[in-house]
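Before any comments, here is the structure.
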Amino acid sequence: MTGSRTIKVLVCLVIAMTAGAFTLRMLETRPSPISITDLIALDRTTDYQTDVPLAARIWKNIVVHSTPPERADLAKRSHFVIDEDGATLVHATDLWKKQVAGNHVTSSSRGKNYNETSIGICLKGDFSKQPPNEKQFHALINLVRNLQQLCDIQAQNVYLYGPDLNNSQYSPGKAFPTKNFWSQLIRTR
């Protein structure tokens, strides 16, 4: 008798736990997007302010590049530039401030025009032989995570230019810590 009672209690417990887990899963919601004001409070090193209203709905992707000396013009065609050193590492360009498309993806990859819907981030430096310094890499991670929240961009829509969109390029470079970068993105699904 005691054995059948124990089995009934265990079965009821499993059913209750399963129902509770299912209910919690159904009630799960995505985090609400964070505002520019919230980001400024969290990250005082980056100016996210725009001259026009933020067009968060148009930004669907983030593309990370690097700019070795021969591609110095890329910084002007991106939305954010991350320097190698200095008091302020991250700089928003006029493209971000005016909320206009960049010109940082040189070809239509996968049949898409990534310039129209992507926030371009340019890391200054050549990372073909050595990775970005710790401060620069940390600034990149913070910027990408904040932009993911601000514009509701999923991790699968964050790209490294060379390996993801243009196989003929090595941007941001062979020494870029790709696995570490991917592991630190915000994943909501």
Hey, can you grab everything whose amide H is under 5 Å from the amide H of L123? Only 5+ residues off in sequence or another chain; H modelled, so Pro and N-termini drop out.
H65, S66, T67, I82
Could you compute the FRET efficiency for E116 and Q184, with r as their C-beta to C-beta distance and R0 at 22 Å, rounded to 0.05?
0.25
Take each of the peptides 91-102, 114-125, average the number of other beta-carbon atoms within 10 Å over its residues, and list them starting from the highest.
114-125, 91-102
If I stretch the segment between Q130 and F22 completely, what's the gain in nm (0.36 nm per residue apart, minus their alpha carbon distance), one decimal?
34.2 nm
By average C-beta atoms within 10 angstrom, highest first, the peptides 77-84, 17-24
77-84, 17-24
Report ³J(HN,Hα) in whole Hz for each residue of segment 10-23, in order, from the Karplus equation J = 6.51 cos²θ - 1.76 cosθ + 1.60 where θ = phi - 60°; Gly and Pro get x.
5, 5, 4, 4, 4, 5, 5, 5, 5, 5, x, 5, 4, 5
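Bear in mind these aren't lab numbers, they're just calculated from the coordinates by the rules spelled out. Keep in mind that what you see is a predicted model, and the values were worked out from it rather than measured. Note: ideal-geometry Cβ built from the backbone for every residue, glycine included; neighbour counts use all protein chains shown.
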